[in-house]
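Reading through the structure tokens given below for one structure.
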Ligand code: WT7
């Protein structure tokens, strides 16, 4: 932990160094890892392409920095502690030695199935330790993993399989979530009907529910690992070889595959983990995310395990079997750092403080927040009732594309301010842009958040479509990475993230493109056209409000809107299901046919006093009709 910052002046000092000489700064951090061959050059970059390379010609395998590195020093220390959905079921611990052995065994399985360096492997699994083993085994053999959140539909899954031309799918029979037993393998079966590249499916047995196994294609995990060796030579990777692809939503209809590479991601995920959470050897750390999201990648698996930390993995949900489950787990394992999303905090806040009372929570040292802006009320509740006012809250701003945390307090070091992500981490050079594309300098300014210099964990491309990467992130402001978020820098120079400024909404910390939801709605045969906007939601942060033009065919509105919800669930998954669907006679369009979303957002928010200029609308009357039919 040589690159740990301990004081506020230490932070400012490191930050200065990282800006004055980024290459030396990151070379020093990277030196603490095991490289099979050291890099020749630290950085090559150009944001026009974009073309960014870190640690050029360095050779490594990230899993050696997780497994071999810790085998002889902390081999008996828990790497992963798994807490099952059902509190009565036994928990499981994988020590660093056991993790090493499991990853090696499964690496042999992958190779036996013909997986080679560069091959794509889809991981569609519940929150079980084997999901982490699967990721690491891919990395070990040089395969590129793409984890798909197990709540996504078969359509969403087959789209991703097709986009990356995956060779193997790793999955499970089913998934225990609260009082539900969700089929998983059956979804894979359905997805595979629309794909042609997958040659093997390996199924981890979790629920014991019945599944169909296709001869020659489907194999049980426990049978496949039988007799496999517990050692395996890690495949040599270049720093810029792909480590994983993770699909995320943007403002267009189709999710894009964000590509992260081996060297830079390794350096960045570990550095940010140790500094933000101030993790000390022996601490127990828990991030409640799902490995299907970037938070799970960087801060359940890679960051903590690169640091030799003990990382808790929880299979269940915050409110099962009771609203105190999180706190019960904190006490059970004496969790020191706890990292969750504002939506979970708000959902638990709604249950009051009674569910917290039986628990001590005295092991907690640091609380974290991620995924969406945390409102002040939730911040104070978290701080008072969970942190007992003694735990700093790290409000961590970052994105799938950034690979790791970008703006955040360092726990216990950076003075916090409710709802503020505070200051950039070393190596992160922020810029706030005005509507004319000029950088706004000084304090007390508000604009669009950009980053003007590369950092090791950044996106390298969008899989299969490099121009899309350029268009989406590097074309809006010349020479800058554009985040899609609005931001304020206050009088102290502190950053507060204001939310997305593009057509992306954030529902319970899940990122969703409005166009993607519209496309799904339009799949319903009676839908003529639709427009989706976000609106403020008490628990979810944002809810999904859909305006839909339908051919009613004598249907009741009720049955039609239910059918539309089912369609969205089928096409994307339950997380994209609209909260409100309003059947409308028309949409507010300009003469050039563009939907004026500003108006639809105002109606959804219930903010109808000032609709702004509607004179350019093709049919201004439609606004009145929409307001009349507004859903509370
Ligand atoms: C978007 C990225 C990166 C972890 C999980 C989400 C929003 C994320 C914060 C925060 C305000 C936040 C932004 C960002 N966001 N963290 N601390 N405060 N907003 O990853 O799915 O890629 O979404 O989440 O709008 O752009 P993601």
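Each reported figure results from applying straightforward, stated rules to the coordinates on display, with no laboratory input. Everything numeric in this text was worked out from a predicted model, so none of it was measured. Every residue, glycine as well, gets a Cβ built from its backbone with ideal geometry; the counts of neighbours run over all protein chains shown.
For segment 1-159, taking the reciprocal of the average inverse distance between every pair of different Cα atoms yields a Kirkwood hydrodynamic radius of 18.8 Å. Note on residue 446 and residue 360: the extension gain reaches 26.9 nm, defined as 0.36 nm multiplied by sequence separation minus the Cα-Cα distance.
Taking only alpha carbon atoms, segment 533-589 gives an Rg to Rh ratio of 0.99, where Rh is the Kirkwood radius.
Ranked by the mean number of other Cβ atoms within 10 Å per residue, highest first, peptides 161-173, 460-472, 214-226 order as 161-173, 460-472, 214-226.
Both numbers refer to the Cα atoms of segment 364-449; Rg and Dmax are 14.2, 46 Å. Principal axis extents of the Cα atoms in segment 232-281, from largest to smallest and rounded to whole angstrom, are 44, 32, 18.
An ellipsoid equivalent to segment 474-632, defined through the eigenvalues of its Cα gyration tensor, has semi-axes of 28, 20, 15 Å when rounded to whole angstrom and sorted largest first.
Shape of segment 204-341 from the C-alpha gyration tensor: rounded (a/c under 1.5, with a ≥ b ≥ c the square roots of its eigenvalues). Relative protection proxy for 413-419, 623-629, from highest mean packing down: 413-419, 623-629 (other beta-carbon atoms within 10 angstrom).
Look at the alpha carbon pairs under 8 Å that are at least 6 residues apart: their mean separation over the length of segment 459-591 gives a relative contact order of 17 percent. For segment 381-517, the pair-distance distribution built from all alpha carbon pairs, in bins 10 Å wide starting at 0, is 11, 39, 35, 12, 2 percent. Counting beta carbons within 10 Å around each of 510, 260 and listing the fewest first gives the order 510, 260. Taking the number of Cβ atoms within 10 Å of each Cβ as an exposure proxy, the fewest-first ranking of 25, 277 is 25, 277. On a per residue basis, the convex hull of the C-alpha atoms belonging to segment 1-91 measures out at 195 Å³. Taking the alpha carbon gyration tensor of segment 561-632, multiplying each eigenvalue by 5 and rooting it gives semi-axes of 25, 14, 11 Å, largest first. Distance between the C-alpha centres of segment 112-141 and segment 12-80: 23 Å, rounded to the whole angstrom.
On full extension, the segment bounded by residue 529 and residue 215 gains 108.7 nm, given 0.36 nm per residue less the C-alpha separation. Applying the Kirkwood pairwise sum to the alpha-carbon positions of segment 122-200 produces a hydrodynamic radius of 12.7 angstrom. Shape analysis of segment 282-418 yields a ratio of the Cα radius of gyration to the Kirkwood radius, Rg/Rh, of 0.92. Against the empirical 2.2 N^0.38 Å (N residues), segment 471-558 has a Cα radius of gyration ratio of 1.44.
Taking every C-alpha pair closer than 8 Å and separated by at least 6 residues, the mean separation divided by the residue count of the chain gives a relative contact order of 12 percent. Legend: calculated FRET efficiency, residue 86 to residue 23, from the Cβ-Cβ distance at R0 = 41 Å, rounded to 0.05, equals 0.20. Across the alpha-carbon set of the chain, the Rg to Rh ratio works out to 0.95, Rh being the Kirkwood radius. Site pair residue 38 and residue 222 shows an inter-label distance of 4.9 nm when each label is modelled 7 Å from Cα along Cα→Cβ.
Ranked by the mean number of other Cβ atoms within 10 Å of their residues, highest first, the peptides 541-548, 488-495 fall in the order 541-548, 488-495.
For segment 104-257, the relative contact order works out to 27 percent when only alpha carbon pairs closer than 8 Å and six or more residues apart are counted.
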